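Student: Below are the structure tokens for one structure; questions will follow.
The values are calculated or read from the model by the stated rules, or taken from the named source; none is laboratory data. This is a predicted model, so every value here is computed, not measured. FYI the Cβ positions are ideal-geometry reconstructions off the backbone, even for glycines, and counts take in every protein chain you see.
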Amino acid sequence: MKLWGGRFNKEAAKILEKFNGSINFDKRMYEEDIKGSIAHSKMLSKQNIIGKEEQIKIEAGLLQILNEIEAGKFIFDIKDEDIHMAIEKRLIEIVGEVGGKLHTARSRNDQVALDIRMYLKKESVEIEKLLGRLLKGLVDIADKNKDVIMPGYTHLQRAQPILFSHHILAYYEMFKRDLERLKDSYKRLDVMPLGAGALAGTTYDIDRHFVAGELGFPEVTKNSLDTVSDRDFIIELNFITSMISMHMSRLAEEIIIWSTSEFSFVSLDDSYSTGSSIMPQKKNPDIAELIRGKTGRIFGNLMGILTVMKGLPLAYNKDTQEDKEGIFDSIDTIKISLMIFKEMLITMKVNKKNMMKGIENGFINATDVADYLAKKGLPFRDAHRIVGELVVYCEMNKKRLSELKLEEFKGFNDLFEGDVNKKISIEECVNGRKSYGGTSIESVEKQIKDAKEFLKK
Ligand code: ARG
């Protein structure tokens, strides 16, 4: 018989069990469910809603269940529908009738809200740790390769020379924002929902703040209807995992491009690449590709939960049972991705020479030639046109800008002088960009210093 079977004359259809039940996936919240129930029972006893002895029995029974689950001895049965009912049923088996008092002044609607909040708090901290490690990895890579120069791109066309460390630190900034988002969203997770009852609160004289204190929540939710139907905090975490995943995917894409033989800017370590079953010469960036590919399911989970929620009237609806699989999947996926991604990055070899080769062609210092003229008083627009003509001249004569003689420069404009070749050297192009946040070594050193300070906290 079901725990809620009193009103029914017939057993539910067999096929319903599988469709209606959530135990196969919500069982991972067993610990939160038990801890939440213990806190609830303590509150009931403190408020004289149940007796002291009764509470002791209930708590002991719940702890026994925790042991059974952790020892792999607990039977998760789809007939019990969800983890909440499974534990309550087992409790009554262990402690007898008194176990039936646990659910006083509580509904599964506020119970599940509590469990999922507690579970997401725990996981959010884990993701934060892993993100922190990735951030540290990125700073180490930047620090180790501080003065490596590479072509910077716009439209994936060579644009201006930059420091490789500056490029890597751009990702540091993105993931740092993700970390801040995660911390900020934690505040909204950290609100205690139990006591909202099924939807309207309860007639018992409960003490919600006591339960919050027992479970380490700094505050309690303010509106019972909102409490049992709100899933914003889940959507937020779905979004944050999507953002992290999108950021990883962008860098993964760059790694994939950089490790082609056409680029050869980086070589992935053997331990983080894979071979082909047919082409013996191949070393594939499967890990980076999977990181990129996994964004699909993570974005999908976000769209899924948004869609589940969009038409729901207040208060609880069973639709919200669909909130769990997506976020669980996104959490699992983001955690393993973050771990592997960081390892792949820190073991990757940076091919300094090939990056430099990428700079030699492509007139990557053309802007600097225009700036040279503009700094001598020529309007930038005119300088831009003249350098355009210079590039055509170079292409026709198979020369680089830096190889031109002073006479050749002068043929295009009289403002060119003997210092032009030095002023447009690659080192000058990079280190001359001293504007705040630019690519000069000074700027990179400041970024690394700030990052190290941030990571210490
Ligand atoms: N398994 C349910 C869920 O995940 C628990 C709450 C069920 N409440 C109810 N009234 N059927 O949402």
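Student: How many of the residues in the range 14-67 are in contact (Cβ under 8 Å) with a residue 12 or more places away in the chain and either of a type in the set (A, V, I, L, M) or more than 23 Å from Pro193 (Cα to Cα) (or both)?
Tutor: Total meeting the criteria: 23.
Student: Being farther than 19 Å from Arg433 by Cα and either under 44 Å from the mean Cα position of the chain (by Cα) or not in a helix (DSSP H, G or I) (or both) is the filter here, so list the residues in the range 361-386 that pass it.
Tutor: Asn361, Gly362, Gly377, Leu378, Pro379, Arg381
Student: Which pairs do you get when a residue that is touching a residue at least 60 places away in the same chain (Cβ under 8 Å), found in the range 346-364, comes within reach of a residue that is charged (D, E, K, R), reach meaning Cβ atoms under 6 angstrom, with the pair 6+ apart or on two chains?
Tutor: Short answer, once both residue conditions are applied: Thr347/Asp269; Gly362/Arg158; Ile364/Arg158.
Student: Considering only residues of the range 302-321 that are among the charged types (D, E, K, R) and within 9 Å of the ligand (Cβ to nearest atom), which is surrounded by the most Cβ atoms within 10 Å (Cβ to Cβ)?
Tutor: Asp319
Student: Among the helices (runs of 4 or more DSSP H) lying completely within the range 158-230, list those that include at least 2 residues that are under 30 Å from Glu253 (Cα atoms).
Tutor: Those helices (runs of 4 or more DSSP H) span 164-189.
Student: Residues that are modelled with pLDDT of 95 or more and within 14 Å of the ligand (Cβ to nearest atom), at least 1 per element: which helices (runs of 4 or more DSSP H) completely within the range 22-111 meet that?
Tutor: Output list reads 23-26, 30-46, 83-95.
Student: Just a yes or no: is a residue in the range 203-224 charged (D, E, K, R) and under 29 Å from Glu453 (Cβ atoms)?
Tutor: Checking the range 203-224: not a single residue is charged (D, E, K, R) and under 29 Å from Glu453 (Cβ atoms).
Student: Within the range 211-255, how many residues are among the aliphatic types (A, V, I, L, M) and farther than 21 Å from Asp178 by Cβ?
Tutor: Number of matching residues: 6.
Student: On to the next question. Among Glu54, Glu81, Glu70, which is the only one that is over 20 Å from Asn109 (Cα atoms) and in contact with a helix residue (DSSP H, G or I) (Cβ under 8 Å, 6 or more places away or on another chain)?
Tutor: Glu54
Student: Still on this structure, I have one more. Go through Ile278, Ile257, Ile244 for me and flag whichever is aliphatic (A, V, I, L, M) and modelled with pLDDT under 95.
Tutor: After applying the criteria, what remains is Ile278.
Student: Go over the candidates Ala252, Ala288 one by one and state the one that is assigned to a helix (DSSP H, G or I), away from the ligand (no atom under 16 Å from the Cβ), under 19 Å from the mean Cα position of the chain (by Cα) and touching a residue at least 60 places away in the same chain (Cβ under 8 Å).
Tutor: Selected residue: Ala252, the only one of Ala252, Ala288 that is assigned to a helix (DSSP H, G or I), away from the ligand (no atom under 16 Å from the Cβ), under 19 Å from the mean Cα position of the chain (by Cα) and touching a residue at least 60 places away in the same chain (Cβ under 8 Å).
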